[in-house]
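Where a number appears in this text, it was derived from the coordinates with a stated rule and is not lab data. Everything numeric in this text was worked out from a predicted model, so none of it was measured. FYI the Cβ positions are ideal-geometry reconstructions off the backbone, even for glycines, and counts take in every protein chain you see.
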Amino acid sequence: MRRTVLKGGLRVLTEHMPGVRSAAVGVFVGVGSRDEAARLSGASHFLEHLLFKGTPTRSAMDISAALDEVGGEFNAYTAREYTCYHARVLDEDLPMAVDVLGDMITSSLVTDEDVEAEREVILDEIAMHDDDPDDVVHNLVAATAWAGTPLARPIAGTAESIKALTRSQVKGYYQRRYRPEVMTVAVAGNVDHADVVRRVRTSFARNGFLDGDARPARPRLADRPRRFHAGEARASRPFEQVNVVVARQGLVRSDPRRYVLSILNAGLGGGSSSRLFQEVRERRGLAYSVYSFGLGYSDAGMVGVAAGSLPGKADDLLRVVRTELARVVESGLTEEEVERGKGQARGGTVLALEDSGSRMTRLGEAELFQKELLSVDEVLSRLEAVTPKHVHDLARRLFSTPETLAAVGPTR
């Protein structure tokens, strides 16, 4: 793995993967929905759509055709703390992919026509998410737990905020926030670092984008999570099931105990052998889907359990979930469960990094949010060092605090 900082503060990271014929490139922009003022809610996601619509030298069709004609994968996504534009191609096609991404990032037109056309697409996307019970209940628990902060708002914004956004607002957001010092270009696969740096320097130099001597933005780090609001929120929707999330304050994404949490999650609700799956689904038949989760942001965290059941089973479901959480607070996981959790975490870590796209994502996220990038062997070593006592201590710390309950489904 190698790292170079270009003029303007743009960072370039590469990881050479011997034996592969692919290359994945991602442009990680340290701007997401949490960076938006309330009147700009949804602007980051809106802009993500618009950057595919054309530049002075490429139409939207040109951008799409360039990747399609070489069999490449090309997409983008917006998160709460960053936005990523990424492509995966044959190694010989990497120069084209870098050039297309550089053109989009530095020179997108953001025209009135494109804003109006994409506004309708995003409204359809929001409506689609509103029809997904899992999306609705997770948005509801975030709105309750982090009330009064940008983390509480949906990443895509609301129908009202998207209808209100103007082309001037979105274009201004693009010009102010998409600066080289908050960006990282991460590339993994059959690549040469010096060649990648040269091509990134050329492709991102359009319109004087790299002019200046700005320092790279520092990683977003916090020692402790922001305030987490306990409470209860319910929303009536004409769904067939009641979907619930029982959540508590979790860990920030840089917390060294995140390795312990991954093993705790594996044993509690991370697979078909987990306690929740066995007790809720296999023994009692209360739900088809039940799982535990951990979300980590730079200064906020959430842990919890999510499940969906028929309305008549919802009370029993919540009772059993809370009982299992109380059990793990009282006695932690058994040694056998911890060992099984380690195996699950080890396998998940290694298998997830077998392709160039996953390696690229790991590079980009680490640059934005971590003090250092650990090797895979270092990660495995930290997982192996976790003991049942570590798991029990963390379970007591996390699941003894007041809960936030979100529930979405039909009115009784």
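Observations on the model:
- Derived from the Cα gyration tensor, the three semi-axes of the equivalent ellipsoid of the chain are 38, 27, 19 Å, largest first.
- Taken as entire DSSP H runs, the helices of the chain that both span 24 Å or more between Cα atoms along their own long axis and average 0.0 or more on the Kyte-Doolittle scale are 314-331.
- Across Arg215, Arg34, Arg176, mean-square fluctuation computed from a Gaussian network of the chain (C-alpha pairs under 10 Å connected) peaks at Arg176.
- Bridge type composition, the chain - antiparallel percent by DSSP, nearest 5: 80 percent
- Translational diffusion coefficient (Stokes-Einstein; Kirkwood radius from C-alpha pairs) of the stretch 281-374 at 10 °C, 1.306 mPa s, in µm²/s: 96 µm²/s
- Taking the chain as a Gaussian network of alpha-carbon nodes connected by springs under 10 Å, the highest mean-square fluctuation of the residues Asn207, Asn190, Asn139 belongs to Asn207.
- A cut-off under 14 angstrom between Cβ atoms defines the neighbours of Ser22, and their net charge, with Lys, Arg +1 and Asp, Glu -1, is -4.
- Computed from the alpha carbon positions, the gyration tensor of the stretch 231-409 leads to an equivalent ellipsoid with semi-axes of 29, 19, 16 Å, biggest first.
- Fluctuation leader among Phe239, Phe28, Phe52 - the chain, Gaussian network, Cα springs under 10 angstrom: Phe239
- Spacing of the modelled spin labels on Asp91 and Thr323, each 7 Å from Cα toward Cβ, amounts to 5.7 nm.
- Fully extending the segment from Arg218 to Glu120 would add 31.7 nm, taking 0.36 nm per residue of separation and subtracting the current Cα-Cα distance.
- Approximate shape of the stretch 1-140 as ellipsoid semi-axes (Cα gyration tensor, √5λ), whole Å, largest first: 28, 19, 17
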